[in-house]
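The values are calculated or read from the model by the stated rules, or taken from the named source; none is laboratory data. These numbers were taken from a predicted model, which means no experiment stands behind them. So basically every Cβ, Gly included, is an ideal-geometry build from the backbone, and we count neighbours across all protein chains shown.
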Amino acid sequence: MREPDTYERLISLLEGAGVGYQLLDHAPEGATEAVCALRGHPASEAAKCIVLRVKVDRRTTRHVLAVVPGDRRVDLDAVRDLYAARYVGFSDAETAERLARSVPGTVLPFSFDPALEVVADPGVVSRPKLYFNAARLDRSLLMSGADYARLAEPRVEPIAAPAATA
């Protein structure tokens, strides 16, 4: 019997918890601003999910799934301070895909791998409406930030910074 894919695991989690959610089909897109336009909502209502490599010391590396509002960016210094780490940076694509069990642009704000700790900014869990790609480029999910927090059980810490200006 095959292992369920990440999308199926997400839907099973939501159905099992009896959480209200809505699926939204759209043209394939993974970039936050572009997919927000397709879904018809402000970027502040999106969950931007980034896999980070956190080098705590010379021997200890952790992986963190940072979840911030779509109109913000991950504050790497805040994550470094949170873990009292020597270095924090973006994970390489291969490691991110393995831990997130999905390709870039489809990373969920949930972790199905014990080696990937979820840290969410308070601006994510406080949203009445929270949109994110559902482990697919052509389908998104809408749920409340409160339900997300209850199911994902992220560590909630201020890790978002204003988006860089062009």
Residue satisfying all of: in the range 131-166; of a type in the set (Val, Ile, Thr) and under 25 Å from Pro114 (Cβ atoms); surrounded by the fewest Cβ atoms within 10 Å (Cβ to Cβ) among these
Val156
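Conditions (1) touching a residue at least 12 places away in the same chain (Cβ under 8 Å); (2) among the basic types (Lys, Arg), marked per residue:
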| residue | (1), (2) |
| --- | --- |
| Glu33 | yes, no |
| Lys48 | yes, yes |
| Val56 | yes, no |
| Thr60 | no, no |
| Arg73 | yes, yes |
When you go through Ala66, Ala96, Ala85, Ala100 one by one, which is the residue that is in contact (Cβ under 8 Å) with a residue 24 or more places away in the chain and closer than 19 Å to Ala163 by Cβ?
Ala66
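Let's see how each residue does on (1) surrounded by 18 or more Cβ atoms within 10 Å (Cβ to Cβ); (2) at pLDDT 95 or above; (3) within 13 Å of Glu157 (Cα to Cα); (4) charged (D, E, K, R):
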site: Lys48; (1), (2), (3), (4): yes, yes, no, yes
site: Val51; (1), (2), (3), (4): yes, yes, no, no
site: Val64; (1), (2), (3), (4): yes, yes, yes, no
site: Gly70; (1), (2), (3), (4): yes, yes, no, no
site: Arg73; (1), (2), (3), (4): no, yes, no, yes
site: Arg80; (1), (2), (3), (4): yes, yes, yes, yes
site: Gly89; (1), (2), (3), (4): no, yes, no, no
For the range 91-114, how many residues meet the condition of being under 16 Å from Asp5 (Cα atoms) and surrounded by fewer than 14 Cβ atoms within 10 Å (Cβ to Cβ)?
1
Looking at the range 119-150, which of its residues are farther than 20 Å from Ser44 by Cβ, in contact with a Phe, Trp or Tyr (Cβ under 7 Å, 6 or more places away or on another chain) and not charged (D, E, K, R)?
Ala135
List the residue pairs whose Cβ atoms are under 6 Å apart, where the first residue sits in the range 142-158 and is β-branched (Val, Ile, Thr), the second is buried (at least 17 other Cβ atoms within 10 Å of the Cβ), and the two are 6 or more positions apart or on different chains.
Val156/Ala120; Val156/Val125
Being surrounded by fewer than 18 Cβ atoms within 10 Å (Cβ to Cβ) and assigned to a helix (DSSP H, G or I) is the filter; apply it to the range 15-38 and report the residue that is modelled with the lowest pLDDT.
Glu33
What's the number of the condition Ala43 fails, among (1) free of Cβ contacts under 8 Å to residues at least 40 places away in the same chain; (2) exposed (fewer than 13 other Cβ atoms within 10 Å of the Cβ); (3) closer than 12 Å to Leu130 by Cα?
(2)
Of those in the range 149-166 that are in a loop (DSSP other than H, G, I, E, B) and at pLDDT below 95, the residue farthest from the chain's Cα centre (by Cα) is Ala166
